[in-house]
Structure formats: C-alpha cells, structure tokens
1. With axes computed from alpha carbons, what is the tilt in degrees of helix 2-16 against the longest principal axis of the chain, rounded to the nearest 10 within 0 to 90?
2. Going toward the positive end of the dipole of the chain, with +1 on Lys and Arg Cβ and -1 on Asp and Glu Cβ, which of Gly38, Asn131, Ser71 do you reach last?
3. Give a quick list of GluC sites (Glu not before Pro) in the stretch 77-160 that DSSP marks as loop, anything other than H, G, I, E or B, with at most 13 other Cβ atoms within 10 Å.
4. Tell me the angle of helix 127-139 to the major Cα principal axis of the chain, expressed in degrees between 0 and 90 and rounded to the nearest ten.
5. Taking amide H positions as placed 1.01 Å from N in the peptide plane, with prolines and chain starts having none, which residues 5 or more places from Val120, or on another chain, fall under 5 Å of its amide H?
6. Helix 62-79 versus the longest principal axis of the chain: what is the Cα-based angle in degrees, 0 to 90, to the nearest 10?
7. If I build a Gaussian network model for the chain, linking alpha-carbon pairs within less than 10 angstrom, which residue out of Leu45, Leu149, Leu16 has the largest mean-square fluctuation?
8. Express in whole angstrom the spacing between the alpha-carbon centres of the stretch 99-160 and the stretch 1-43.
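Nothing in this text is a laboratory measurement; each read-out follows from the coordinates by a stated rule. Predicted model only: the values in this text are computed from it and were never measured. Positions of Cβ are backbone-derived with ideal geometry, glycine not excepted, and every protein chain shown enters the neighbour counts.
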Amino acid sequence: MIRIVRDNVGSIFKLLYPYNDLEGAGIEVTVRDRGVVGVVSEYTLYAIRPGGRKVTISRLSDGQRLTIALSFLLSVYRATNHNVDFLLMDEPIPYVDVNIRRAFAALLTRFINEGLVGQVIITTQSEDLVNDIVKAAKEANVKYSVIRLVKEGNERRIVQ
C-alpha cells in the first residue's frame, strides 16, 4: 500500500505543480523497534529537486508544502481505490499561486470523471478558486453548483 501511495504522490504532484524547481515528491518510511512500545513506522514527505536530491517538506515554501500534502491526501484516496461519495475541503489551497490553483481545480474534475469522488464540497473565501473550479468543471463537462453565503451588515443570505 505504501508503495502505491508513494507512486501516486509523485504523479499527482506532477499534475499539480507546474514549475521545474521541483521534479517530484515522495514518501520515505522508517521502521524502528522501540522496545516496549513495539515497532513504529515513521513517514517523511519530501520533494525532489532537479538532479534527484531529496528535500524534506520542512525546507519548502508554504505553497510547495501544501501541494505535497494535497498530493499525499489525493494519492491515498486513489490508492485505496475507494470511491468516495463526497470530499469535503475547507480552504484547501490557501497559499498557492494561480497555476497550482488551476491545476488543483482540473484535478478535482478529473477525479470526479474517473469516479473516484462523487462530489466535492469546498468552503472558501477565494473567488478566484471558485472561478477556477467552475471553469474546470465546464471544460470537463462536470455538473457543479455554487452556493454563496453573503453577509450584509448583521444579515446573512444564501445566493445560488
């Protein structure tokens, strides 16, 4: 299972990350015998620089870290080959640029088309993210709905 997730992390990362300062991402597993505690597995997410040098996630920018973490999450869904009825995300990509945001929107619609996810529910304050998801959904012929909670003074109303 770890091998499958590791392979998916790299391929999903390449779909999400459009720059060439990082060539990929991966997971390293360290198994240690902790005596009374028993065997413990530790997982380290890392990026791969051009030339193959591994860089731990702690040495990356916020956007790079978030892209790797999102790649890991989506690779677990894909590796389990489990069709999820819905995926709920709250501000899933707060520190990424426009290219990664658009790649994220395209990847979500791809997962819906592949049947991996039935529907995606996202809460966000980013109008740009909403617009990118709507555009990707239209291009992929994926049904979508946008619901906005608008606050005016002390009143809130829902707009569809």
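1. In the chain, helix 2-16 runs at an angle near 50 degrees to the longest axis.
2. It is Gly38, whose Cα lies furthest towards the positive end.
3. Working: sites: Glu114, Glu127, Glu139, Glu152, Glu155; in loops: Glu114.
Filter output for the stretch 77-160: Glu114.
4. For helix 127-139, the angle is close to 90 degrees.
5. Leu87
6. With rounding to tens, the tilt is 80 degrees.
7. Checking each option, the largest mean-square fluctuation is seen for Leu149.
8. 29 Å
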